[in-house]
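These notes are about the structure you will find just below.
The values are calculated or read from the model by the stated rules, or taken from the named source; none is laboratory data. Since the structure is predicted, the reported quantities are computational estimates derived from the model, not experimental observations. All Cβ positions, even for glycine, are placed from backbone atoms using ideal geometry, and neighbour counts span all protein chains on display. What goes into the accessible areas is simple: the full protein's heavy atoms, side chains included, and nothing from ligands, DNA or RNA. Shrake-Rupley method; radii C 1.70, N 1.55, O 1.52, S 1.80 Å.
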There are 4 protein chains.
Amino acid sequence: MLSARDPGFEARVRASFARQQFMTLLGARLERVVAGEVCIRLPFQPALTQQHGFLHAGVVTSVVDSACGYAALTLMEPGAAVLSVEFKVNLLAPARGREFVAVGRVVRAGRTLTVCTGEVRALPEGEGGDEVPVAIMQATIMAVRERGGLSD
Amino acid sequence: MLSARDPGFEARVRASFARQQFMTLLGARLERVVAGEVCIRLPFQPALTQQHGFLHAGVVTSVVDSACGYAALTLMEPGAAVLSVEFKVNLLAPARGREFVAVGRVVRAGRTLTVCTGEVRALPEGEGGDEVPVAIMQATIMAVRERGGLSD
Amino acid sequence: MLSARDPGFEARVRASFARQQFMTLLGARLERVVAGEVCIRLPFQPALTQQHGFLHAGVVTSVVDSACGYAALTLMEPGAAVLSVEFKVNLLAPARGREFVAVGRVVRAGRTLTVCTGEVRALPEGEGGDEVPVAIMQATIMAVRERGGLSD
Amino acid sequence: MLSARDPGFEARVRASFARQQFMTLLGARLERVVAGEVCIRLPFQPALTQQHGFLHAGVVTSVVDSACGYAALTLMEPGAAVLSVEFKVNLLAPARGREFVAVGRVVRAGRTLTVCTGEVRALPEGEGGDEVPVAIMQATIMAVRERGGLSD
């Protein structure tokens, strides 16, 4: 069980997410925020598609990158900011559905680097139906302190 | 030197790019399209930023993923469609600037799988200034034929 | 629950592993082989170390790559062979310990491409002690059929 | 052009490489060591193969990981040690040949993290013949200072 060093981590994550203008453009909503895990929900919109009408791989990546970055932030002390160092995404199936759920989880939290895994699942069109995994991510997030006024 | 099997590859790539509604949402423009290499240009907009005011890593990924996918498509025969299998991105510097240029290049073109590398450079704010590399990508693209009516 | 299409998958995996001369050189042993999951055990040896005396990252990668490849093979029909297309490894902690356990698991099995995740854990030196995760992998494996006489 | 901060970087890299017992086991030799770039050569041996008689992907990864790590070390001040944080490898072709050449190059050198790209080429069996690219790597290397007595 991962424990947070900042009792106010949830409010901090929610305030930072609200400043991600790109998440607003996508229509993504921050859902669960617990120590070491963050969930983001994204409704389908045609404006987010690639040439075959599926969600663009970059959109899938965007929401799971934010989920991983904020999962890392939940475990950091006040004043630290997060930057994505690198990530790798495997696209498991075409991203179609009425809604998408991205979850980021901390696998290892170091002082400087945090490693996360993430996944994105699609909720099928129409009512009911099983969630379909559409992507998995492995990501490295860096804690930045006292640099250029960055904060989260 | 890579050679195209479809003499009409440029028109095919441009038509497919025009169907990527997400590139329109980002404001990305397709520039150079040659056999094995594609370039996409993206002007900065506040709507594309993360919490520190830099371009969101997902936006950086989106344009270089499209550049890699279309670089792969330039070498495929008519009727084949491309899907991203996986990619990995290293973010080299905060993505700030007035404009960003993403280039995707084919490293190995197989019948089923094509491997590409990509990079994104930032043009600094204001006039002049050197381009700054902000990201590199290594990607695997799959050719899809006669499946579910996909085409590019 | 993943199901095997070849009832003789375990014997097939064990016979193929026995032909991996490099696993013999490392001193790696194939342990659990079930549908969609394979486990490999590697005792520590000084000959496998990098300059600080930890297991070389390439050794860590080798055993978890074999574990992922054979996890993919457990689900393939007789006659298919596996080749690693690509993988990504995050090294979570210095790989020190008396023994290492690598597990590969299938996340998605397609006709051509299989996506696996893997992990490597270290058993600490001396008796007892908790296992320590030292690496995680995300990998793409390709099924090869009727090509150049490859078989597994 | 990258410049070294330690005029004795080449001797430092060669001494550290000599302590990598695993490189000795593989039969790998350190060749060119210049600021920001390192080359390692590996003769083929049956003991390094996977089940089809090609070089095991883990062997390919091992030499290019060492090449990338030492490329990063060429640019660090005396006293810093390098650890691989993560890497991603695409295998472009079966690794067959009489000898393999791995090159690691620094793409971005930061105080804490260095990003490298690497490639492995195969020299075909017999005399002459063109080199064949068999793998490319994208890697993140961390500088470690004053930790647990690590040094390079």
If we keep only residues of segment C:83-124 that are of a type in the set (Lys, Arg) and within 19 Å of residue A:116 (Cα to Cα), then the residue least open to solvent (accessible area, probe 1.4 Å) is C:88
For the structure I just gave you, tell me whether residue D:45 is of a type in the set (S, T, N, Q), surrounded by 24 or more Cβ atoms within 10 Å (Cβ to Cβ) and under 29 Å from residue C:18 (Cα atoms). no
Go through segment B:123-148 residue by residue and tally those that are part of a loop (DSSP other than H, G, I, E, B), of a type in the set (Gly, Ala, Ser) and in contact with a strand residue (DSSP E or B) (Cβ under 9 Å, 6 or more places away or on another chain). 1
Can you tell me how many residues within segment A:3-24 are out of contact with any helix residue (DSSP H, G or I) (no Cβ under 9 Å at 6 or more places or on another chain) and of a type in the set (A, V, I, L, M, F, W, C)? 2
Those residues of segment C:96-114 which are in contact with a Pro (Cβ under 6 Å, 6 or more places away or on another chain) and either farther than 22 Å from residue D:86 by Cα or in a loop (DSSP other than H, G, I, E, B) (or both), in sequence order: C:97
Residues within segment C:49-67 that are surrounded by 24 or more Cβ atoms within 10 Å (Cβ to Cβ) and more than 17 Å from the chain's Cα centre (by Cα), tallied: 2
Those residues that are touching a residue at least 60 places away in the same chain (Cβ under 8 Å) and more than 14 Å from chain B (Cβ to nearest Cβ), I need them from segment A:96-112; list them, please. A:101, A:103, A:105, A:106, A:109
Anything in segment A:50-97 that is charged (D, E, K, R) and under 17 Å from residue A:39 (Cα atoms)? List them, or say none. A:65
Evaluate the following for residue C:9: is it of a type in the set (Phe, Trp, Tyr) and more than 18 Å from residue C:109 (Cβ to Cβ)? no
Residue D:79: in contact with a Ser or Thr (Cβ under 9 Å, 6 or more places away or on another chain), over 24 Å from residue C:87 (Cβ atoms) and open to solvent by 40 Å² or more (accessible area, probe 1.4 Å), yes or no? yes
Helices (runs of 4 or more DSSP H) (entirely within segment B:1-95) containing at least 3 residues that are farther than 18 Å from residue B:133 by Cα, in contact with a strand residue (DSSP E or B) (Cβ under 7 Å, 6 or more places away or on another chain) and within 11 Å of chain A (Cβ to nearest Cβ): B:21-26, B:57-73
Quick check on my filter: what residues within segment D:131-152 are open to solvent by 40 Å² or more (accessible area, probe 1.4 Å) and within 14 Å of chain B (Cβ to nearest Cβ)? D:131, D:132, D:133
The lone condition residue B:81 fails out of (1) without any contact (Cβ under 8 Å) to a residue 60 or more places away in the chain; (2) touching a His at 6+ places or on another chain (Cβ under 9 Å) is (1)
What are the residues in segment D:113-130 that are of a type outside the set (A, V, I, L, M, F, W, C) and at pLDDT 95 or above, if any? D:114, D:117, D:118, D:119, D:121
Hey, does segment B:92-104 have a residue that's over 27 Å from residue A:150 (Cβ atoms) and at pLDDT 95 or above? yes
(1) of a type in the set (Val, Ile, Thr); (2) outside any helix (DSSP H, G or I); (3) facing another protein chain (nearest Cβ under 10 Å): which one isn't true of residue C:120, the others all being true? (3)
